Amino acid sequence: MRTFDRIAVLVALLAAWHAASLYFGAQWITTPWVTAQAFWRALMRGDLWHHGSYTLSAAVLGFLIGGIPGAGLPFVLRRMHTLRAVLDPYLVAGYGAPKVALTPLFIIWFGIGLASKVALVASVVFFLVFFVTSAGLASVDQKLIAAARVFGADARLIAREIVWPSAAPYVFTGLRIAAPYAIGTAVVGELISSNRGLGYSIQAAATDFDPAGIFVGVVALALVVTGLNAALGLLEARLLSWRPDDKTVERAQAAF
Amino acid sequence: MDMKAHAPFLEVEGLAKRFAAKAGRGESLSVIEDLSLSVSEGEFVTVVGPSGSGKSTLLNMLAQIDRPSAGSVRLRGETILGPQSGPLVPGWNCQIGYVTQEDNLLPWRRLEENILFPLRAQGRLDEAARERVAALVELAGLKGFERFYPSELSGGMRKRASLVRTLSYDPPVILMDEPFGALDAQTRMQLHADLLRMWNVKRKTIVFVTHDIAEAIALGDRVLVLSRAPAKVIAEHRVDIPRPRDIDHLVLAPGFAALFDRIRQALI
């Protein structure tokens with residue numbers, strides 16, 4: 001049923017896209033069919049892989065370089081209340097500052113190659129994951145910790161058995177929120193200055209007045225983001241299998 | 001009322017808890033003032049008081065989750081807590097168990113792992129311990145549910161599990177803070193019977209806090225009555241209903257109604 005509904009929505013979206021293309025003119029909005037053909041050609045020529053792999057490398061590297069400390073640092077700072085309080089305004093400022101504005105700086109430092117995009121992505125991902133993870137740590141149920149201390153659990157066991165499992169869903173949420181941002185930020189970096197990547201290919205297509213090329217790039221990005229999200233979702237479902245889904249709760253209530 | 005039949009096991013003397021004044025709240029707030037009580041070994045003491053009378057605060061201090069503003073707590077004659085003593089030792093080296101209002105089971109652990117958690121934390125999880133716990137699990141009617149997550153169990157079963165978790169590591173003193181408060185009347189009665197059955201097997205020293213007078217009489221050897229805040233003990237009543245008690249027909253037991261009424265009057 002759900003699959004059917006999803007296909008129905010896809011058909012509706014494609015129909016709307018096609019209608020828009022007819023209304024505004026195919027020179028502005030390429031029809032879905034022409035886009036699909038261009039997509040297929042780009043795929044066969046190896047262009048999509050050439051550019052896509054570059055964007056994906058920038059996104060994944062930046063995601064790891066920003067995401068790992070973003071998820072880890074809140075755990076380190078958890079019990080250092082003073083340090084955390086001192087750093088807080090700077091972290092908030094870092095989170096709020098538009099990182100895209102740093103792009104020229106990263107290009108001066110790291111050149112127009114992969115490194116500047118990785119740095120840009122890392123700077124975005126770090127703050128996102130950091131704040132969501134911090135919120136997760138703040139939400140740990142203090143009563144669980146008090147109960148565990150009463151029956152003799154030490155700080156290490158509490159960290160492993162209570163703090164980490166409570167915060168883990170937040171860490172995953174942070175990573176899932178950050179994943180599309182990682183791709184998007186890599187593309188923005190490429191749009192500004194690059195000689196490879198999906199952002200570059202979109203920019204190049206725009207310069208050539210080739211809307212089909214732009215649509216191909218956008219569709220490719222949407223597919224990459226969807227794939228990445230699905231992969232993180234699978235990982236999360238595996239690691240957080242204890243969380244009740246609606247079915248088990250229903251079953252349990254029926255049983256008692 | 002012969003309170004000193006045995007040497008006191010757990011003694012509380014002059015306990016007080018005050019919260020400092022804050023902006024917008026003129027004077028400091030005194031929740032407990034000059035509260036003293038003593039419990040002998042193996043005794044089941046229930047404490048009733050109006051809601052907001054600092055019952056949970058009292059147990060939190062006995063469990064050493066919270067520090068008193070004044071007074072001291074002694075266990076077997078040894079001072080384990082005073083206002084000036086060192087850092088708090090929650091549970092006093094696993095000597096004092098605490099069953100709270102919420103079951104505080106770890107949602108990401110199965111029932112069995114939850115119940116064995118204290119023993120694992122204390123490094124005492126061996127075959128003999130597992131067997132003892134398995135017997136307790138059966139006594140509590142939880143057999144067959146070991147592999148379930150807490151979210152898959154009813155409120156009553158989670159309560160039993162939290163009770164068994166504390167009984168499993170055998171602390172000499174167990175504090176209970178309205179553990180059956182959130183349950184329906186039927187389940188509550190069942191759990192009263194279960195608790196008394198388990199207590200009969202191994203007579204722990206229990207301090208059980210509640211606002212329910214009938215519950216206090218049904219379970220306790222002795223009922224302490226607390227005043228409104230600042231709380232202190234204003235009355236104590238020995239419960240002469242013989243054990244083992246028949247929870248289902250307790251209201252018919254001689255003396256129940258009179259005792260209920262006396263405590264009710266003291267609480268008003």
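Values in this text are rule-based calculations from the coordinates and carry no lab data. What you see is a predicted model; the values in this text were computed from it and never measured. Backbone-built Cβ (ideal geometry, glycine too); neighbour counts: all protein chains shown.
Which whole number in µm²/s is D for chain A by Stokes-Einstein, with the Kirkwood Rh taken over Cα pairs at 4 °C and 1.567 mPa s?
So the translational diffusion coefficient is about 61 µm²/s.
Antiparallel DSSP bridges in chain B: what percent, to the nearest 5?
Rounded to the nearest five, the antiparallel share is 55 percent.
Find which of B:97, B:148, A:204 sits farthest along the positive direction of the dipole of the protein assembly as shown, computed with +1 on the beta-carbon of Lys and Arg, -1 on that of Asp and Glu, about the Cα centre.
With unit charges placed on the Cβ atoms, the residue in question is A:204.
Using modelled amide H (1.01 Å from N, peptide plane; none on Pro or chain starts), what sits under 5 Å from the amide H of residue B:148, excluding residues fewer than 5 places away?
B:111, B:112
Charges only on Cβ, +1 for Lys and Arg, -1 for Asp and Glu: so what's the dipole of the protein assembly as shown about the Cα centre, in debye to the nearest 20? Could the numbers behind the result be given before it?
Details: 53 positive and 46 negative charges, 120 e Å.
Rounded to the nearest 20 debye, it is 580 debye.
Please compute, for peptide B:55-65, the average count of beta-carbon atoms on other protein chains lying within 10 Å of each residue's beta-carbon.
That works out to 1 on average.
Please give the average number of partner chain Cβ atoms lying within 10 Å of the Cβ of each residue in B:114-122, rounded to a whole number.
4
Lysines within cross-link reach of residue B:159: Cα-Cα under 27 Å, excluding same-chain residues under 8 positions apart?
A:143, A:247, B:55, B:143, B:202, B:204
Where is the GNM fluctuation largest for chain A (alpha-carbon springs, 10 angstrom cutoff): A:183, A:68, A:158?
Result: A:158 has the largest fluctuation of those listed.
Given R₀ = 25 Å, FRET efficiency for residue B:7-residue B:66 by Cβ-Cβ distance, to 0.05?
Once the sixth-power term is evaluated, E becomes 0.40.
How far apart, in nm, are two points set 7 Å out from the Cα along the Cα-to-Cβ line at residue B:212 and at residue A:68?
5.4
Once you have the Kirkwood Rh of the protein assembly as shown from its Cα pairs, apply Stokes-Einstein at 10 °C and 1.306 mPa s and quote D in µm²/s.
This corresponds to a translational diffusion coefficient of 57 µm²/s.
Say R0 is 56 Å: what FRET efficiency, to the nearest 0.05, do residue B:139 and residue B:27 get from their beta-carbon distance? Mind dumping the intermediate values first?
On the way: r = 50 Å, r/R0 = 0.89.
Efficiency, rounded to the nearest 0.05: 0.65.
If you project the alpha carbons of the range B:102-170 onto the principal axes, what extent comes out on each, in Å, largest first?
29, 22, 19
According to a simple spin-label model (label point 7 Å from Cα along Cα-to-Cβ), what is the distance in nm between residue B:41 and residue A:219?
Rounded to a tenth, the inter-label distance reads 8.3 nm.
Measure out, as a whole number of angstrom, how far apart the alpha-carbon centroids of the range A:121-159 and the range B:198-230 sit.
36
If you take every DSSP beta bridge fully contained in the protein assembly as shown, what fraction is antiparallel? Give it as a percent rounded to 5. Each step should come with its number before you reach the end.
Details: 22 of 41 bridges.
Rounded to the nearest five, the antiparallel share is 55 percent.
How much length is gained if the chain between residue A:230 and residue A:160 is pulled fully straight, taking 0.36 nm per residue apart and subtracting their Cα-Cα distance, in nm to one decimal? Kindly include the intermediate steps, with their values, before the conclusion.
Numbers: separation 70, 0.36 × 70 = 25.20 nm, distance 2.72 nm.
Net length gain for the segment: 22.5 nm.
Only Lys, Arg, Asp and Glu count, each charged at its Cβ (+1, +1, -1, -1), so figure out the dipole size of chain B about its Cα centre, rounded to 20 debye.
Dipole about the Cα centre, nearest 20: 320 debye.
State the extension gain, in nm to one decimal, for the chain segment bounded by residue B:78 and residue B:203, taking 0.36 nm per residue of separation less the distance between their alpha-carbons.
Full-extension gain reported as 42.9 nm.
Per 5 Å bin, what percent of the C-alpha pairs of the range B:111-241 does each bin hold, from zero upward?
The calculated distribution, bin by bin, is 2, 9, 19, 21, 19, 13, 8, 6, 2, 0.
Using +1 at the Cβ of each Lys and Arg and -1 at the Cβ of each Asp and Glu in the range B:111-268, identify which of B:267, B:114, B:201 lies farthest towards the dipole's positive end.
B:267
By how many nm would the segment from residue A:45 to residue A:12 grow when fully extended, if each residue of separation counts as 0.36 nm and the alpha-carbon distance is taken off?
Roughly 8.9 nm would be gained on extension.
Of the peptides B:115-121, B:178-184, how do they stack up when ordered by the mean number of other Cβ atoms within 10 Å, highest first?
Put in order of decreasing packing, that is B:115-121, B:178-184.
Convert each backbone phi in the range B:200-208 into a coupling constant with the Karplus relation 6.51 cos²θ - 1.76 cosθ + 1.60 (shift: θ = phi - 60°), then list the ³J(HN,Hα) values in order as whole Hz, x for Gly and Pro.
5, 5, 9, 6, 7, 7, 10, 10, 10
Springs between alpha-carbon atoms under 10 Å, Gaussian network over chain A: tell me which of A:188, A:224, A:140 tops the mean-square fluctuations.
Of A:188, A:224, A:140, the Gaussian network model singles out A:140 as fluctuating most.
Among A:48, A:191, A:83, determine the one that fluctuates most according to a GNM of chain A built with springs between C-alpha atoms less than 10 Å apart.
A:83
Just counting partner chain Cβ atoms within 10 Å, what average do the residues of peptide B:163-174 show around their Cβ?
Rounded to a whole number, the mean comes out at 1.
Would you compute, for the Cα atoms of the range A:1-42, the largest minus smallest coordinate along each principal axis and list the three values in descending order, in whole Å?
That works out to 37, 26, 8 Å along the principal axes.
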